[in-house]
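Structure first, commentary second.
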Amino acid sequence: MIITLLTDFGRGSPYAAAMRGVILGMLPGVRLEDISHEIPAGDVDYAAWVLKESAPYYPAGTVHTVVVDPGVGGSRRVLGVESRGQYYLAPDNGVLKYLFHGDASARVMHLNRREFCRSPVCPTFHGRDIFAPLAAHLAMGKTLDELGEPAEPEIRGRVALPVRHRESLEGEIVFIDSFGNAVTNLEASLISEEPAEIRVRSRSIQRVSVTYSDEPPGTLMALIGSSGCLEIAVNQGHAANTLGIRTGGAVHVRFTE
Amino acid sequence: MIITLLTDFGRGSPYAAAMRGVILGMLPGVRLEDISHEIPAGDVDYAAWVLKESAPYYPAGTVHTVVVDPGVGGSRRVLGVESRGQYYLAPDNGVLKYLFHGDASARVMHLNRREFCRSPVCPTFHGRDIFAPLAAHLAMGKTLDELGEPAEPEIRGRVALPVRHRESLEGEIVFIDSFGNAVTNLEASLISEEPAEIRVRSRSIQRVSVTYSDEPPGTLMALIGSSGCLEIAVNQGHAANTLGIRTGGAVHVRFTE
Amino acid sequence: MIITLLTDFGRGSPYAAAMRGVILGMLPGVRLEDISHEIPAGDVDYAAWVLKESAPYYPAGTVHTVVVDPGVGGSRRVLGVESRGQYYLAPDNGVLKYLFHGDASARVMHLNRREFCRSPVCPTFHGRDIFAPLAAHLAMGKTLDELGEPAEPEIRGRVALPVRHRESLEGEIVFIDSFGNAVTNLEASLISEEPAEIRVRSRSIQRVSVTYSDEPPGTLMALIGSSGCLEIAVNQGHAANTLGIRTGGAVHVRFTE
């Protein structure tokens, strides 16, 4: 009986604690996990990646509650999803894009039964008034069917796919972590052959290293990171700042001389 | 048996963990909740608002432990308060001002029984040596009477009240949240009639919206926020930075043309 | 059955949650404590101090898991240490320096049994694939002997020791906390006599105060802080920024006129 929270509320705010309080009032024995409350405000893509890289490590039955929700109170719907033995509650804004991309058989519900929410619902804080009580109900044994009705997500979100050229591969930076490592969408399986060159901005990298300390401190490098994807890094440095790169930036992998 | 912690220690510091360790050593089964450890250093008013907007959502019996305490080790007293079925431990510096303002029947004690504290008490870290053990004792079933003696708070703190003019209302910004939304002290009940104009800095807002996405991104707007008070916001933006407003700034609501 | 985590992952990252998920999958009933995930990236000395000032307050049997590990995946070893009834898992990079300095009888093991780790091990995320499962195994009752073999730490780390001159004492700033207080390595016992002067940068302090509020706001001061060491502070200010001091900076205490 684990409920996780993933929000952009910031840790200096009362909002995460308000959600936790509501859940504990309904379900005193639950285990409450903060995946993070420091997603950059409204950054749905950032949250999507953080969810993808953390949720799967939790046990089966975990209820993941994602409130990165710039459209709160508007027309976007609240989704409840069952995928690979776990549950996800999230706004229909693309924050579950990797989940939908990776699991075509995910069961998706539109959670529209307001009798399971707090009353009245504040139009600007669905985290406290809708997501928190729904998460508690799910963790207490209610089924998704009891909480809503089948639905298709309106916004599946853009999952950047690598582009294959004749002798190269074009990828995209999809996440920059707190160390400044720039993670791409190029999975290790695409780079089974040792590349001749990796280009990012106007810089060239000649090989795929195994770990950061393979290169001298300060060296720009590429390696397969903990997500299983190619990552641009600087040993003991901050690759994103060094290169001035952002998510969405291109990375080219060339295979033959 | 829940103990919450609300401090300005910062998450990169050892101080919050030291408090948690002390409590767990005394009460291994307690549920320990971090409301926040990222209150701006010494910002008693900020902490007061965060407490007001989070504590009430926790279950009855919760012990809220507030250590935003720039006067630590000086003459200020340590208060223990029972209010609406919950307990509060805090320095007598105004951090409980909303609680005292809203609950005239709160029971207030001066917690001066040092035999329930760690020994010796470090004059600069009452969080670890006084508040943590007192919180554990309360959660273990000690009563406030056993831990101290009845007292009046010396510092009740300033709660800004709205000023009614003939055809307008003058409020004050009391909190700026992590999204940059500027929360005022103007409760929704004061704005039952649709205002003709809301003025903040030299900007004018013509209506009270329901939620952020009611206005185009970047638009300055007003709405009733999750605290039940009028809030100045920018959809997908940061109102406080946009306007250059701070807590204490004035907001005027005019009702007739 | 407590496992603590101390990392430099940052709270906006998925990495801490991935570790927590792995541990919860193995040991659903464990108590998981975040000491901090906001150690400055790769700052082993900072982490060492935070560990020293928090770990001892946890109950006997606690498993402290330290992943501030810029050499991850390289030749540095993973250590398991038993000291004063607690357990420590950490890279062999000096992050346990205060522990080794203070406890000559600490039992140190090289945890090299990969059958207790996740498989495969990602060379850049030993936190998730090595430290998390090892911590869970220890908390589940495995002994250090079962997880590795006796070893000496290769890097014991530099613990700055005070230097005694004829009529003075020379110390060093070893930690700057989130309030800007600059903690030195000069323990209170070295300053039993009231000093004539404390010098830091080109500033002079004339006495050792008891607590921050002993001096007017904004005043540079010295006191014995919560670590039991001399600390340079500014009441309601940020001493480190005011003085432009950093860790490693010198502090001189002169005893006679």
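The values are calculated or read from the model by the stated rules, or taken from the named source; none is laboratory data. All values reported here derive from a predicted model rather than from experimental measurement. Using ideal geometry, Cβ is built from the backbone for each residue, glycine included, and neighbour counts are taken over all protein chains shown.
Things to note:
- Single residue of region C:144-167 satisfying the filter (in contact with an Asp or Glu (Cβ under 6 Å, 6 or more places away or on another chain) and closer than 16 Å to residue C:186 by Cα) that is surrounded by the most Cβ atoms within 10 Å (Cβ to Cβ): C:160
- Any hit, region A:186-195, residues being outside any loop (DSSP other than H, G, I, E, B), surrounded by fewer than 21 Cβ atoms within 10 Å (Cβ to Cβ) and more than 25 Å from the chain's Cα centre (by Cα): no
- Looking across region A:210-233, the residues that are within 11 Å of another protein chain (Cβ to nearest Cβ) and β-branched (Val, Ile, Thr) come down to A:210, A:211, A:224.
- Any hit, region B:44-61, residues being closer than 21 Å to residue B:129 by Cβ, touching a Lys or Arg at 6+ places or on another chain (Cβ under 7 Å) and among the β-branched types (Val, Ile, Thr): no
- So residue B:57, is it on the phi < 0 side of the Ramachandran plot, without any contact (Cβ under 8 Å) to a residue 24 or more places away in the chain, not acidic (Asp, Glu) and not assigned by TED's automatic domain parsing to the domain that holds residue B:184: yes
- Which listed residue, of B:232, B:224, is closer than 21 Å to residue A:126 by Cβ, crowded, with 23+ Cβ neighbours inside 10 Å and touching a strand residue (DSSP E or B) at 6+ places or on another chain (Cβ under 9 Å): B:232
- Every listed requirement among (1) at pLDDT 95 or above; (2) under 26 Å from the mean Cα position of the chain (by Cα); (3) surrounded by 16 or more Cβ atoms within 10 Å (Cβ to Cβ) is met by residue C:205 save one, (2).
- Consider region C:1-12 and keep the residues that are at pLDDT below 95 and facing another protein chain (nearest Cβ under 7 Å). The one that is surrounded by the fewest Cβ atoms within 10 Å (Cβ to Cβ) is C:10.
- Selection within region C:49-83: residues that are of a type in the set (Gly, Ala, Ser) and in a strand (DSSP E or B). The member of this set that is surrounded by the most Cβ atoms within 10 Å (Cβ to Cβ) is C:80.
- Of the residues making up region C:116-141, those that are β-branched (Val, Ile, Thr) and part of a helix (DSSP H, G or I) number 1.
- Criterion: in contact with a Lys or Arg (Cβ under 9 Å, 6 or more places away or on another chain), among the β-branched types (Val, Ile, Thr) and not in a loop (DSSP other than H, G, I, E, B) - qualifying residue of C:155, C:173: C:173
- Residues that are within 14 Å of chain A (Cβ to nearest Cβ), buried (at least 19 other Cβ atoms within 10 Å of the Cβ) and among the β-branched types (Val, Ile, Thr) were ranked within region C:97-143; the one that is farthest from the chain's Cα centre (by Cα) is C:124.
- Selection of region A:62-83 for residues being touching a residue at least 24 places away in the same chain (Cβ under 8 Å) and either touching a Gly at 6+ places or on another chain (Cβ under 7 Å) or farther than 17 Å from residue A:143 by Cβ (or both) yields A:66, A:67, A:68, A:69, A:70, A:72, A:73, A:76, A:77, A:80.
- Residue identified as more than 18 Å from the chain's Cα centre (by Cα), touching a residue at least 12 places away in the same chain (Cβ under 8 Å) and not assigned by TED's automatic domain parsing to the domain that holds residue A:86 among A:199, A:156: A:199
- Residue B:68 being closer than 24 Å to residue C:236 by Cβ and within 14 Å of chain C (Cβ to nearest Cβ): yes
- Candidate set from region C:239-257 (those that are buried (at least 17 other Cβ atoms within 10 Å of the Cβ) and within 14 Å of another protein chain (Cβ to nearest Cβ)); member that is farthest from residue B:70 (Cα to Cα): C:247
- Pairs with Cβ under 9 Å, 6+ apart, first in region B:105-121 and free of Cβ contacts under 8 Å to residues at least 24 places away in the same chain and in the same structural domain as residue B:132 (by TED's automatic domain parsing), second small (Gly, Ala, Ser) and in a loop (DSSP other than H, G, I, E, B): B:121/B:73
- Criterion applied to A:42, A:61, A:74 was being over 15 Å from the mean Cα position of the chain (by Cα) and within 13 Å of chain B (Cβ to nearest Cβ), and the one residue passing it is A:74.
- Some residue of region B:29-37 being under 25 Å from residue B:149 (Cα atoms), modelled with pLDDT of 95 or more and surrounded by 24 or more Cβ atoms within 10 Å (Cβ to Cβ): no
- Per-region count, region A:1-39, residues without any contact (Cβ under 8 Å) to a residue 40 or more places away in the chain, assigned to a loop (DSSP other than H, G, I, E, B), touching a helix residue (DSSP H, G or I) at 6+ places or on another chain (Cβ under 6 Å) and more than 17 Å from residue B:226 (Cβ to Cβ): 1
- Just one of the listed residues (B:88, B:46) is buried (at least 19 other Cβ atoms within 10 Å of the Cβ) and assigned to a strand (DSSP E or B), namely B:88.
- Subset tally (residues that are without any contact (Cβ under 8 Å) to a residue 12 or more places away in the chain and surrounded by 21 or more Cβ atoms within 10 Å (Cβ to Cβ)) for region B:168-185: 1
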